[in-house]
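Below: one structure, written as C-alpha cells.
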Amino acid sequence: MGSTAEKRKFTYADYKSWPDEERWEIIDGEAYNMTPAPSLKHQRVLGNIHAIFFDYFKNKQCRPYLAPTDVVLDDFNVVQPDLLVVCDTNKLTEANIQGAPDLVVEILSPSTKLKDKREKKALYERFGVREYLVVYPEDEMVEQYRLVDGRYASDVFNWDQKLPLFAFPDLELQLWNVFEKGMAESR
C-alpha cells in the first residue's frame, strides 16, 4: 500500500479498512501517505485561517471543516484537505463529505508540496471545487485558483495584501493576520 510502483487502484472500501492511526489519501486510485505531521508554522497558519472562517461562517449555512475530514469525491478519490468549506448540507454525512467542497485550503509542507500543486489541483479542478487556496507558510504568500468555465484561473497574493475570496465575495483574508505579521492598520 502506498508504493507508487503498484498498479492496483485503491478504492474507498480499501481506504476504510486501513488502520485509523494512519492518514492516507487516494487520488485516481493511488494511495498517498500523509506523514510526517505538519510543522508548527503550518499549524499556526491553518489555525489562523480556520479562526477567520469559523467566525465568518457562524450562523450561516456554509461550514468550515479541518483535517482530518474525509472528502469522498468518488470511489477512487478520497482526500483530507487542511481546511474546507461546504455549503450544500446534502454533501454532509456522519462519516465524511460526499462531493466537492465549495472552497479548499492546502497549507504546503515539504512532503506534500508537489502533490498539492499538481495532483490535488488537477483533482479539485476536475471535480468542480469553486476555489482552491494553496498557502506557502515559509514564503508567506497564497496562490488562489478560481473555477471559471470549468478551468482554474489563478492569482498570487503576498502577506501584506488582502485576498478577496471568489466563492464568498463578502469575505477577504487579511494575509498579514494569517501569517502573524502584526500589521495593526487596515489596508
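The numbers here are math on the coordinates, done by the rules we state, and not lab data. Everything numeric here is computed off the predicted structure, so don't read it as measured data. Please note: Cβ atoms are built from the backbone with ideal geometry, for glycine as well, and neighbour counts cover all protein chains shown.
Dividing the helix sum by the residues of the chain, where each DSSP H run of 4 or more adds -39500 (n - 2.57), gives a mean residue ellipticity at 222 nm of -5000 deg cm²/dmol. Please report the relative contact order for segment 42-184, taking Cα pairs under 8 Å with a sequence separation of at least 6, and give it as a percent rounded to a whole number. Relative contact order comes out at 17 percent. Under the convention that each Lys and Arg Cβ holds +1 and each Asp and Glu Cβ holds -1, the size of the dipole of the chain around its Cα centre is about 140 debye. Using every pair of distinct Cα positions in segment 127-187, the Kirkwood expression returns a hydrodynamic radius of 12.2 angstrom.
In straight-distance terms, cross-link reach from Lys113 covers every one of the lysines whose alpha-carbon lies under 28 Å from its own, apart from those fewer than eight places away in the same chain; here that gives Lys7, Lys9, Lys16, Lys41, Lys91, Lys121, Lys162, Lys181.
In percent, rounded to a whole number, the relative contact order of segment 1-75 is 27, using alpha-carbon pairs under 8 Å and six or more apart. From the coordinates of this entry, Cα extents along the principal axes in Å is computed, and it appears in [x] 51, 45, 29; [y] 53, 34, 31; [z] 48, 44, 23 under the label [y]. At full extension, Leu92 and Phe57 could sit 11.0 nm farther apart than now, given 0.36 nm per residue minus the alpha carbon distance.
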